[in-house]
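*Asks:* Starting off with a structure, shown below.
The values are calculated or read from the model by the stated rules, or taken from the named source; none is laboratory data. Everything quoted here is computed from the prediction, not taken from an experiment. So basically every Cβ, Gly included, is an ideal-geometry build from the backbone, and we count neighbours across all protein chains shown.
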Amino acid sequence: MSRKTKKPTFPNSYQGKNAEEYNQSTWMERNQKRTALLCIQYLYDQHLDNVHDYDVLRDIPYTILDLGSGTGFSSEILAENGFRVIGVEILKDMIYKARQKKTGHNNDLEIEYILSDINYLPLRANSIDHIISISAYNFIIHSATTSKEKIILLSQTAQYLNTILKTHGRFILEFYPADEKELNLFKSSFINKGFNGFMIQQHPNQKSGQTFLLLKK
Ligand SMILES: C[S@@+](CC[C@H](N)C(=O)[O-])C[C@H]1O[C@@H](n2cnc3c(N)ncnc32)[C@H](O)[C@@H]1O
């Protein structure tokens, strides 16, 4: 099975030689960077202006948190587009590659990589303008076996993200819930913790289909 069709598993798909393979994959790089550009477009989506109180995004640079930043493809695109970026990554093998690129040819980009779990971020309340997460958030429940465990984990994380975000902060999430039931658990975890917004599904009937949640605090 090719890299494009194989479903990644956490943490195996991102450790050792798999981290190296991930970083070398031109298909993966193109895919992550294309999705990051789409996330920037969604960040400025006019329909989000009307969620909660009306507000329009103007000022750059915003500080953006990139949750599950991997080897840095998405963080690099965000920084190249004028954002200050904090990339959060839990695996040493992945963040090592991202930092290597940062100190090499990406030296001038405003990115800081933090080795941390999305569920336990070492960040202050109201310190982040917006959040983006690409192909990573579904993994935060990888250790949970029952719906109850998933709900607890999702609820704690949504609460924490709400705390670190500034008022009206936006959260653009692209992820791969296992099924409809799991998708609903993710959605309700955000609604219950003060986020609001809507979902966009691209090519829902295809294997390559992507699910986006466009949320606002
Ligand atoms: C598809 S990859 C990276 C995608 C990234 N957007 C990029 O451009 O390379 C998903 C990443 O999420 C990370 N991840 C999974 N669970 C995590 C967690 N709880 N906290 C932080 N990172 C996590 C994985 O280690 C992996 O590197």
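*Asks:* Say we look at the stretch 1-20 and pick out the residues that are within 12 Å of the ligand (Cβ to nearest atom) and part of a helix (DSSP H, G or I); which of these is farthest from ILE118 (Cα to Cα)?
*Replies:* Among those that are within 12 Å of the ligand (Cβ to nearest atom) and part of a helix (DSSP H, G or I), it is ASN18.
*Asks:* Please count how many residues of the stretch 183-209 are out of contact with any Gly (no Cβ under 8 Å at 6 or more places or on another chain), at pLDDT 95 or above and either assigned to a helix (DSSP H, G or I) or over 24 Å from ASN50 (Cα atoms) (or both). Write out each step before concluding.
*Replies:* Pass one, the stretch 183-209, residues out of contact with any Gly (no Cβ under 8 Å at 6 or more places or on another chain): 183-189, 191-200, 204-209.
Filter once more, keeping what is at pLDDT 95 or above: 183-189, 191-200.
Cutting the leftovers down to either assigned to a helix (DSSP H, G or I) or over 24 Å from ASN50 (Cα atoms) (or both) gives us 183-189, 191-192.
Count: 9.
Rundown of residues vs (1) within 11 Å of the ligand (Cβ to nearest atom); (2) polar (S, T, N, Q), yes/no style:
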| site | (1), (2) |
| --- | --- |
| SER25 | yes, yes |
| ARG34 | yes, no |
| GLN41 | no, yes |
| LEU48 | no, no |
| HIS52 | no, no |
| LEU67 | yes, no |
| GLY70 | yes, no |
| ILE90 | yes, no |
| MET94 | yes, no |
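*Asks:* So, in the stretch 160-182, how many residues would count as being assigned to a strand (DSSP E or B) and aromatic (Phe, Trp, Tyr)? Can you show your working first?
*Replies:* First, the residues of the stretch 160-182 that are assigned to a strand (DSSP E or B): 165-175.
Of the ones still in play, those that are also aromatic (Phe, Trp, Tyr) are 171, 175.
Within the stretch 160-182, residues that are assigned to a strand (DSSP E or B) and aromatic (Phe, Trp, Tyr) number 2.
*Asks:* Going through the stretch 128-158 one residue at a time, which ones are surrounded by fewer than 14 Cβ atoms within 10 Å (Cβ to Cβ) and under 23 Å from LYS217 (Cβ atoms)?
*Replies:* Once the filter is applied, which keeps residues that are surrounded by fewer than 14 Cβ atoms within 10 Å (Cβ to Cβ) and under 23 Å from LYS217 (Cβ atoms), the stretch 128-158 yields nothing.
*Asks:* Name every residue in the stretch 61-97 that is under 13 Å from ILE114 (Cβ atoms), in a helix (DSSP H, G or I) and touching a strand residue (DSSP E or B) at 6+ places or on another chain (Cβ under 8 Å), in order of residue number.
*Replies:* Result: SER75, LYS92, ILE95.
*Asks:* Quick check on SER74: is it surrounded by 14 or more Cβ atoms within 10 Å (Cβ to Cβ), within 13 Å of the ligand (Cβ to nearest atom) and within 15 Å of the chain's Cα centre (by Cα)? So that I can check it myself, show each step before the final result.
*Replies:* Numbers: surrounded by 14 or more Cβ atoms within 10 Å (Cβ to Cβ): yes; within 13 Å of the ligand (Cβ to nearest atom): yes; within 15 Å of the chain's Cα centre (by Cα): yes.
Yes.
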